[in-house]
Structures are given as structure tokens and as C-alpha cells.
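Bear in mind that the values in this text are calculations on the coordinates, not laboratory data. Just so it is clear, the model here is predicted, and its values are computed rather than measured. Here Cβ is always computed from backbone atoms with ideal geometry, including for glycine, and neighbour counts include all displayed protein chains.
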Amino acid sequence: MVSFSIFSNDKELLQKFSKYSKVTGIVFILLGLGGIFYPQIMSLVTAVFYGWLLLFSSFMIAFHTWQTNKSDWLGWLKAVLLFVVGALMAVNPLPGVAALGILLAMYFFMDAFASVALAFRVKPQNNWWLILLNGILSLALGGYLLAGWPFSSLYLVGLFIGLSLFFDGVILLSMGKTANNIEKEL
């Protein structure tokens, strides 16, 4: 849980935090619901967005290489690779969605391994089984994503991103309400 003690005496900061947390939370909830109800669109939008990020990165690497060492062929190679991959993802996002699906599956498998290892390390502690459950769920999600890959990526990437945005929004709303309650107590 986030501690508000670092600015609990600053009424203006609490007001701003409360206001912007609520606004951002509502935006995240709406984006999350969009991803939940239209996961294919969210998957494609995510791949296109990521493609544009790679394109922007390629220009920044090229600029950096130009300014610092024009003969650095590895810097130019990196810029060209980022440009090609970014352009491909921005123009044709379906292979990018499949790639994001594999990366997401790998993340879930690594999370499952880490969670199970942590659960058995803290086993005598209270609620250690929640960490184990998280590991088992991550393993199941990774397996489900991988079992239907690449076709499952089209809806699962968007669904998982939508769920994440939705719950981030709920958390931001609750943090904004908590900050508002603290501010009223001052």
C-alpha cells in the first residue's frame, strides 16, 4: 500500500494528487474496458504504438550516432534495425502482435518460476500460498497464450493489456479517494 505520509501535511499537493489520480484512473478504466471488450483492436493498437516507439528510437539513435561518432557502424546498424522493425510493426502490426504474444508468454513463465521459488522460500510465513497461486496462474496464462500462438495473441495481448489498464485505473481511483480523505482530515 502506498504511504501518503511523505506529503500528508501538504494540503495543496494532496488535492492535486487526488484530482489527477482520479482523472488518470478514469482514463485508464475506459482504456482498459476498451481492451477487455475489443481485445483485437487493443492488440493491434499496441503493436502499432510499439512500432512508432521503435521508429522514434531509431531516429534518436541515428542522431546520437551522428553527433558523437559518425564512424560507429554498430550505432548505425542499431538505428537501421530499429527503423526496419518499427516500420514493419507500424505498417503491418499482425506479426508484431504475434511477437508481443511470445514475449508476454515468456514473461508469464519467468513470473511463474520466480513466484513458485519465492513461495517455497517463504513457506512458513502467512499467506505464502498466495505467492504460489500467483505462480500457478502465471504458468497457466503463459501456457494458454503459448498453446494458441500465434492466433491467440490477437485477442489475448489486448485482453491482458486491457485488464492491466483497468486494474491500474481502479487502484488510481482508490488512491485518489484516499488522498482526498487525508486532505479533508487536515
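Quick look at the values:
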quantity	calculated
Potential extension, TYR38-VAL91 segment - 0.36 nm per residue separation minus Cα distance	17.0 nm
Reachable aspartates and glutamates, given that their alpha-carbon falls under 14 Å from the alpha-carbon of LYS19 and they are not under 8 places away in the same chain	GLU183
Degrees separating the helix 128-147 axis from the principal Cα axis of the chain, which is the longest one	30 degrees
Neighbourhood net charge (15 Å Cβ-Cβ; Lys/Arg +1, Asp/Glu -1) for PHE160	-2
Whole-angstrom gap from segment 156-180 to segment 75-102, using each part's C-alpha centre	28 Å
Cβ-Cβ FRET estimate between LEU30 and PHE113, R0 fixed at 41 Å, reported to 0.05	0.75
Solution diffusion estimate, µm²/s, Stokes-Einstein, segment 23-174, Kirkwood Rh from C-alpha pairs, 4 °C, viscosity 1.567 mPa s	74 µm²/s
Calculated from backbone phi, Karplus (6.51, -1.76, 1.60) coupling profile of segment 16-21 in Hz, x at Gly/Pro	5, 4, 4, 4, 6, 5
Within the chain, helix-based [θ] at 222 nm, where runs of 4 or more DSSP H residues each add -39,500 (n - 2.57), nearest 500	-30500 deg cm²/dmol
Directionally averaged shadow of segment 87-186, computed from the convex hull of its alpha-carbon atoms, nm²	9.6 nm²
Gyration tensor verdict on segment 19-80 (Cα atoms; rounded if a/c is under 1.5, prolate if a/b is larger than b/c, oblate otherwise)	oblate
